[in-house]
Amino acid sequence: MLDSHRCGLSANHLFGSVSLAEETGRLLGVRSPKQFGTQLIVCHRNEFWKRILPRVPLCRLFAAIRSQGLRIGKASDGDEMLQRATVERLGLSTMVDAVVTSESCGRAKPSAQFFEALLKALGVRSPRQAMMVGDSIVRDIQGAQAAGIRIALVTVLSAEEPNDRVRPDLRLLTVYGLGAHIRLAGVT
């Protein structure tokens, strides 16, 4: 399972929903708050989309993981449609077996139920057969750990340090080191 590393804050992170964006429009005195909210979300998606480019090393990493007979899932608090489009845009749609978002499962990270929904979507019988790869101690690692999933912390992306409650099974400088370590970590 891989977290979608954010290219910046999403409109949902900034506003939570279109309705909150509409309320922001009202507070700013915009004549049509609903239209403002919709335009804000569309503007964000257009800008975000420009920054998403296919990544050859990521495709190679996913192919190497898949060649070991492993499945890959994408876990994101983001919008379902945008996350699926991101997978497609990155050239990973044939290598990602499941996409679970807070929108699709009704829970958000770091809820253990969020990660359990991804395990179910991937057809994983035991959480110990899976590994969550993420960069956020709170959002990725604590939730996966609460669900009993092995965890890999990508430290170069994380400003947070593990603590006594959170101990990653694997620490990586970059996600590209995962291929060499995944079987050694006991993921099946």
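The single condition among (1) of a type in the set (D, E, K, R); (2) out of contact with any helix residue (DSSP H, G or I) (no Cβ under 9 Å at 6 or more places or on another chain); (3) free of Cβ contacts under 8 Å to residues at least 24 places away in the same chain; (4) farther than 22 Å from GLY179 by Cα that ARG139 does not satisfy is (3). Scanning segment 66-96 for residues that are within 14 Å of the chain's Cα centre (by Cα) and closer than 20 Å to ILE149 by Cα gives ILE72, GLY73, LYS74, ALA75, SER76, ASP77, VAL96.
Annotation: GLY69 fulfils all but one of (1) farther than 18 Å from LEU178 by Cβ; (2) modelled with pLDDT of 85 or more; (3) of a type outside the set (Phe, Trp, Tyr); (4) assigned to a loop (DSSP other than H, G, I, E, B); the unmet one is (1). Within segment 85-127, if we keep just the residues that are of a type in the set (Lys, Arg) and modelled with pLDDT of 90 or more, the residue that is farthest from ILE141 (Cα to Cα) turns out to be ARG125.
The values are calculated or read from the model by the stated rules, or taken from the named source; none is laboratory data. In this text the structure is predicted, and so the values were computed from the model without any measurement. Neighbour counts run over all protein chains shown; Cβ positions are idealised from the backbone, glycine included.
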